[in-house]
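What follows is a short report on a single structure.
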Amino acid sequence: MYRKDREHRGNDTEKSSSDNVTDKSIKKLSRFSQTNKELFILNRLAQSLTSRLSVSEICNTAVHEISEALKVDAVLIFLKKGEELHLCSFISNTDSLKKEDIPVHSVGECLCGIASLNSKAIFSINIKKDKRCTWQECKKAGFNSFSAVPIIYGDKQLGVFGIASKKQRNFKKTNQFLETVANQLAISINNARQFEKLNAYSSKLEQEIERREIIEKKLRDSEEKYRRVVENANDAIFIIQDGIIKFPNRRLEEISGYSKEELTKVSFTSFIHDEDKQMVLERYEKRIKGKNVPDTYTFRGINKKGETVIIENTAMLIEWEGKPATLNFLRDVTQQKKLEEQLFQSQKMETIGTLAGGIAHNFNNLLMGILGNTSLMLMKVDALHPFYDKLKAIERLVENGADLTRQLIGFARGGKYNVKPIDINKLIIDTSEMFGMTRKDITIYRNLQENLDSVEADKAQLEQVFLNMYINAWQAMPSGGNIHIETKNISINEQESLIYDIKPGEYIKISITDTGIGMDEDTQKRVFDPFFTTRGLSESTGLGLASAYGIIRNHGGTIKVYSEKGHGTTFSIYLPSLEPKAAATEKAKEVYLHGEETLLLIDDDIMNIESLKELLEEFGYKIMTAQSGEEGIEIYKKHCEDIQLVILDMIMPGMNAGEILRKLQEINKDVRVLLSSGYSLNGETENIINMGCKGFIQKPFKVDELSCKIREALKF
């Protein structure tokens, strides 16, 4: 029995011993398998990293390899910069955490920062309960376990890599493997940085070699380069030594018309205008002797064609081949001088225009006084009175004088001066016949549409436009030719209005075509530019077409040009047409409209005030007068409840019309003001009207015109 028990115990002992051996073998085999797996991963990682030459490529490769090998949910690699950890690469299988959500970590902050601070791996099985984990985004992403391992090369810490898992895992068991991975990363990152430094140094060395080669090439080519610069300069550049031109560039050949051989064979004074030779020679000789003379001066040269060229020359004393010489920079300023002359002419015309405008304004005031008194006398006599015809003659003469002053005003300033319904066909017939009588080598053909709409325009200005067009056509036909004029009614739709830059609506189109030399595309683009002309200064001011364009635009229209070189030119003028009802007002009869309202006249001209006062009193109005803005304001302040209309002169001493109007509106915001002026309805006048005036009337005006304007203003 005892022996059987012992045998039984012996068998159990042998069996237990055998099981222990088996367990140990399995564990060894498992460890061996894990070791082989880790070695495989490390070998694969090493192979992947070896082929990468940049730090970013290494980090990007590493996060993918580590994530796949360890089956973790996120891998992060931070690189250390001073006391901060900057994310280099990141991979995650969750959408709730993105690379841009990961901030810069400070060393000592959160698990990665602590690992960096202590240069030691750190592990956390449950980061949600781990107070060391201060960054909440990992927790929000659903991670539980985390490990942060410093990346150290030698005694220098390069960064930290971290791994995260949503499942709870004890990464500490793989500490040795993770540190080996960190070492592999450290070696690869260090090698990449060394390679980058070497590459940068190599690149810098190549750049330095290239720079030196460039410098050497520049030194070798400097003489050739400067020769090319001089040769292709916009200014003529040359040297004068012993009175002879040396090394003239291409531009001097172009300006003078002479070849280099011709320029260098004779004295430089041979190319200078006779009247300027002495002055230029004296300056050259003084400069050669070292005397102080102006560097830049202007003189006239003569080119090979015998034409006068205005030259601006800048000269300086140099030493050339051991002898004194002058280095010269010469510029052709002929066109510039012509433009300056044109500008001077334009400014002179502007000054004359301002003077003419002032004269016209004062003259209109005189005419107003004459017309007012004439109208008074006509009202007191009948048609059988012996003085009636003489008074009507005076009235007509005043109207003729007013036409002259309107032309003066039109010359003086922009704007529309005497706007009325105009029969364009009649205006074209009149202007073309007048022009045709002076140009027998030009034949004019007219194709004018019957029942053409009228336009509201300044007749004198449109006459100027058409005459400018005829003159331009004539100048384009030096040997004579034909001018074809056509008119027709057209409609401009929304799409066409964008092309023509005018409002949609009804227009009349005037086409003026010549059989002249035509224009190229560049000339067509500039044909309406002020001062642009294809002719000499003596032939044209360069203002005709620019002026015509401005006038038409100011009337709400436009001008288009079409031309082909050698095939003539067509100018098409578009003007907005009047409705038939509006056009019919052109021939309205004289009507005298009476009233009983109280009016205030503000005008500095005593003769105008007296004649207007008497005229308006004849119509039944009660009249108050003032000869200055200040006086008018005081009168209106006292009697504003009685005064129904103020007739205000545009030009007043002291306060101007705009200031007077504002003061009147301060007293009564509903004040009615009729503006009058010897000037035209221009921009300044329109601005004042837009401030709240009820109308405008231009001096000198007839009694019926004034009476109608007063009634219109009182209707507002």
Query raised in the report: Roughly how many nanometres apart are two label points built 7 Å out from the Cα toward the Cβ at Glu641 and Asn232?
Result: 8.7
Query raised in the report: Which order do Leu601, Leu675 fall in if you start with the one that has the fewest other Cβ atoms within 10 Å?
Result: Leu601, Leu675
Query - From the C-alpha gyration tensor of the stretch 419-584, square roots of 5λ in Å - result: 26, 18, 15
Query raised in the report: Shape of the stretch 589-715 from its Cα gyration tensor (a ≥ b ≥ c, root eigenvalues): rounded if a/c is under 1.5, otherwise prolate when a/b > b/c, or oblate?
Result: rounded
Report summary line: Quick calc of log₁₀ I(q)/I(0), the stretch 34-197, Debye, one scatterer on every Cα, no solvent, q values 0.16 1/Å, result -0.86
Query - Members of Lys218/Lys304; Lys638/Lys694; Lys637/Lys715; Lys337/Lys699; Lys98/Lys172; Lys139/Lys197 lying beyond 32 Å, as alpha-carbon distances in this model show - result: Lys218/Lys304; Lys337/Lys699; Lys139/Lys197
Query - Spatially near lysine pairs across the stretch 419-584, Cα under 16 Å, sequence gap of 8 or more or different chains - result: 11
**Report entry** R0 of 25 Å, Cβ-Cβ distance Ser270-Ser222: FRET efficiency to nearest 0.05
**Finding:** 0.15
Report summary line: Here FRET efficiency (C-beta to C-beta, Phe195 to Lys98, R₀ 30 Å, nearest 0.05) is 0.50
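For the pair Ala393 and Lys560, what calculated FRET efficiency results from E = 1/(1 + (r/R0)^6), where r is the Cβ-Cβ distance and R0 = 41 Å, to the nearest 0.05?
0.35
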Requested in this report: Can you quote the Å³ per residue value for the convex hull of the Cα atoms in the stretch 236-332, rounded to an integer?
Outcome: 83
**Report entry** Proximal aspartates and glutamates relative to Lys225, as straight alpha-carbon distance under 19 Å, when same-chain residues fewer than 8 apart are discounted
**Finding:** Glu213, Glu216, Asp235
Requested in this report: Please give every one of the lysines within straight-line cross-link reach of Lys289, meaning a C-alpha to C-alpha distance under 30 Å, and leave out same-chain neighbours fewer than 8 residues apart.
Outcome: Lys246, Lys260, Lys265, Lys277, Lys323
**Report entry** Spin-label pair Ile606/Lys139, simplified geometry with 7 Å Cα→Cβ offset, distance in nm
**Finding:** 10.0
Query raised in the report: Stretched out fully, how many nm does the piece from Val381 to Glu285 gain, at 0.36 nm a residue minus the Cα gap?
Result: 25.8 nm
Query - Charge sum, other residues only, whose C-beta stays under 10 Å from Lys715's C-beta, Lys/Arg counted +1 and Asp/Glu -1 - result: +2
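The numbers here are math on the coordinates, done by the rules we state, and not lab data. Bear in mind the structure is a predicted one, so any value in this text is a computation, not a measurement. Cβ sites come from the backbone with ideal geometry, for glycine too, and all protein chains shown count toward neighbours.
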